[in-house]
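Take a look at the structure below.
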Amino acid sequence: MQSSRSLIGIIGAGIGGLAVAAALRARGFNVRVFEQTLKFARVGAGIQMTPNPMKVLRALGVEPELRRISFEPVSGLNRDYDSGAVTNELPLRTAIEDRYGAPYLCAHRADLHTAIKNVVPDEVISFGRKLAGIEQGASSVTLTFTDGSTETVDALIAADGVHSVVRDAMLGKEEPRFTGRVAYRTTFPASLLGDKQIAPSRTKWWGPDRHIVIYYVTANRDEVYFVTSQPEDAGWMTRESWSTKGDVNVLREAFSAFHPEVRRVLESCPEVYKWALLARDPLPRWTEGRVVLLGDACHPMPPYMAQGAAMALEDAIVLARCLEGVEPEGFATAFKRYEWTRKPRASQIQQMSGKNTWMQHNTNPDWVYGYDAVTAPLTDSPVD
Ligand code: FAD
């Protein structure tokens, strides 16, 4: 347990920020989370929680609620886009649980977020606080918000996502590369599919230059989610944003050569959101003195392995473990230990995600799904 009453500031009440807040509080730390939005919207997005993040969510006390609300697919199914031939099938449910000791669940992203938020007391989170800049002193960090207000903390965890202000302050303005691709996604009531419901699997349909992933996001299968990846010349004008709308007719046309099961889903969906797919290289470092980056702020990745939030959750528990029992004068060293432990794995998955080949054909997923961030050894020196 932490003896002093030092204060750790966290920027961003997203999946990673809330998870690290919960993990640090469980170790006796005093934390405050600053979030730019006033209220979270239930935007259309699903999320796959593979066994590796499920072990983190178990440690945070969120697993029972997730098991109650989430859809548990029969298998991770990979199919050819037009013939529907199965190219690879990973048995899930008891098979995956026996193999890795945790389930593989699919949920609405907002439901996962709410479940994590429910283990963090309301008074710890300040909404409507948009960080504008930071200034680091010898033993504190001063935060300045866009409304001109300031706060001083003993250390800062930046979980401010893909457009991280803290990352830019630490490493200079980032210039991501547009991949020429966009992701369309939405959730919609399964009742719109009528009596032609989707398979009870998480299914990825692989085309030559585009794909679509489809699954239910609720335990009672009343909500369907899909996410695509497809080329789009004008896609660079789109932001990486959860709320930018797309044109459903453009999407249907782009998948008109796909299997009738896919076309039926696209015909049934009333609206879609659009997310530009940008590429970024691993950062040279994640920490500077008493400031440290976590989640998408330091390793944003294309969603092709369904590991972005998984990595943020693994970061959260490893960072909390590195800080356990550490007094403020040891924070900078603890942050380095976290970077040494996490960077090789997160960078490997970040680079592998960009290839978009994961699980299309026979693949051994042990190194990704079999990892346990709650017990994995911590690294005490830099790794090349
Ligand atoms: P976020 O969840 O983005 O949270 C950042 C928070 O910081 C937000 O609340 C934001 O409002 C706040 N913030 C930002 N700037 C400021 C500021 N200046 N001041 C104050 N607050 C600020 N991952 C998976 O594991 N499985 C999946 O199936 C999956 N599917 C995906 C599908 C799509 C289409 C996409 C785009 C991503 C997907 N991901 C998936 C990735 C996953 O959503 C992200 O990796 C994850 O949300 C990262 O969490 P985070 O906490 O780092 O950032």
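When Glu329 is tested against (1) within 13 Å of the ligand (Cβ to nearest atom); (2) among the charged types (D, E, K, R); (3) within 25 Å of Pro382 (Cβ to Cβ), just one condition goes unmet, and that condition is (1).
Confirm whether Gly28 is under 22 Å from Tyr225 (Cβ atoms), over 18 Å from the mean Cα position of the chain (by Cα), open to solvent by less than 50 Å² (accessible area, probe 1.4 Å) and more than 11 Å from the ligand (Cβ to nearest atom).
Details: under 22 Å from Tyr225 (Cβ atoms): no; over 18 Å from the mean Cα position of the chain (by Cα): yes; open to solvent by less than 50 Å² (accessible area, probe 1.4 Å): yes; more than 11 Å from the ligand (Cβ to nearest atom): yes.
The answer is no for Gly28.
So Phe258 ticks every box in (1) near the ligand (Cβ under 9 Å from one of its atoms); (2) of a type in the set (A, V, I, L, M, F, W, C); (3) at pLDDT 95 or above but one. Which box is left unticked? In the conditions (1) near the ligand (Cβ under 9 Å from one of its atoms); (2) of a type in the set (A, V, I, L, M, F, W, C); (3) at pLDDT 95 or above, Phe258 misses (1) alone.
Given the criterion touching a Cys at 6+ places or on another chain (Cβ under 9 Å) and either buried (at least 22 other Cβ atoms within 10 Å of the Cβ) or under 30 Å from Thr244 (Cβ atoms) (or both), identify the matching residue among Gly46, Gly76.
Working: Gly76 fails: touching a Cys at 6+ places or on another chain (Cβ under 9 Å).
It is Gly46.
In the range 137-155, the residues that are away from the ligand (no atom under 13 Å from the Cβ) reach residues that are of a type in the set (Asp, Glu) and part of a loop (DSSP other than H, G, I, E, B) with C-beta atoms within less than 8 angstrom, at least six apart or across chains, in these pairs: Ser139/Asp154; Ser140/Asp154; Val141/Asp154.
Looking at Pro231, Pro260, Pro200 in this structure, which one is under 28 Å from Ile96 (Cα atoms) and either crowded, with 22+ Cβ neighbours inside 10 Å or not hydroxyl-bearing (Ser, Thr, Tyr) (or both)? Steps first, please.
Details: Pro231 fails: under 28 Å from Ile96 (Cα atoms); Pro260 fails: under 28 Å from Ile96 (Cα atoms).
After applying the criteria, what remains is Pro200.
Within the range 31-49, being within 13 Å of the chain's Cα centre (by Cα) and within 21 Å of Ala320 (Cα to Cα) holds for one residue alone: Met49.
The set of residues in the range 31-43 being within 7 Å of the ligand (Cβ to nearest atom) and crowded, with 23+ Cβ neighbours inside 10 Å consists of Phe34, Glu35.
Only one of the numbered conditions (1) under 17 Å from the mean Cα position of the chain (by Cα); (2) buried (at least 20 other Cβ atoms within 10 Å of the Cβ) is violated by Val292, and that is (1). Could you say whether any residue in the range 210-222 is among the basic types (Lys, Arg), touching a His at 6+ places or on another chain (Cβ under 9 Å) and touching a residue at least 12 places away in the same chain (Cβ under 8 Å)? Scanning the range 210-222, I find no residue that is among the basic types (Lys, Arg), touching a His at 6+ places or on another chain (Cβ under 9 Å) and touching a residue at least 12 places away in the same chain (Cβ under 8 Å), so the answer is no.
Selection of first residues in the range 295-318 that are at positive phi and of second residues that are in a helix (DSSP H, G or I) and more than 7 Å from the ligand (Cβ to nearest atom), restricted to Cβ pairs under 6 Å at least 6 apart or on distinct chains, gives the following pairs, ordered by first then second residue: Gly295/Asp315. Among the conditions (1) open to solvent by 30 Å² or more (accessible area, probe 1.4 Å); (2) in contact with a Gly (Cβ under 9 Å, 6 or more places away or on another chain); (3) in a strand (DSSP E or B), the only one that Thr87 does not satisfy is (2).
Filter the range 1-20 down to the residues that are away from the ligand (no atom under 11 Å from the Cβ) and either free of Cβ contacts under 8 Å to residues at least 12 places away in the same chain or outside any strand (DSSP E or B) (or both) and list them by number. So that I can check it myself, show each step before the final result.
We begin by selecting, within the range 1-20, every residue away from the ligand (no atom under 11 Å from the Cβ); these are 1-8.
Those that are away from the ligand (no atom under 11 Å from the Cβ) and either free of Cβ contacts under 8 Å to residues at least 12 places away in the same chain or outside any strand (DSSP E or B) (or both): Met1, Gln2, Ser3, Ser4, Arg5, Ser6.
In this structure, Ile47 does not qualify as under 17 Å from Ala297 (Cβ atoms), within 12 Å of the ligand (Cβ to nearest atom) and not small (Gly, Ala, Ser). Only one of the listed residues (Glu267, Glu271, Glu240) is out of contact with any His (no Cβ under 6 Å at 6 or more places or on another chain) and away from the ligand (no atom under 16 Å from the Cβ). That residue is Glu267. Within the range 211-221, the only residue that satisfies the criterion of being in contact with a Ser or Thr (Cβ under 7 Å, 6 or more places away or on another chain) and surrounded by fewer than 19 Cβ atoms within 10 Å (Cβ to Cβ) is Ala219.
Given the criteria within 16 Å of the ligand (Cβ to nearest atom) and of a type in the set (Val, Ile, Thr), does Val74 qualify?
Answer is no for this residue.
Scanning the range 360-376 for residues that are touching a helix residue (DSSP H, G or I) at 6+ places or on another chain (Cβ under 8 Å) and in a loop (DSSP other than H, G, I, E, B) yields a count of 6.
The values are calculated or read from the model by the stated rules, or taken from the named source; none is laboratory data. The model shown is predicted, which means the values in this text are computed figures rather than measured ones. Counting neighbours? That spans all protein chains shown, and the Cβs are built from the backbone with ideal geometry, glycine included. With ligands, DNA and RNA removed, areas are computed over all heavy atoms of the protein, side chains included. Shrake-Rupley method; radii C 1.70, N 1.55, O 1.52, S 1.80 Å.
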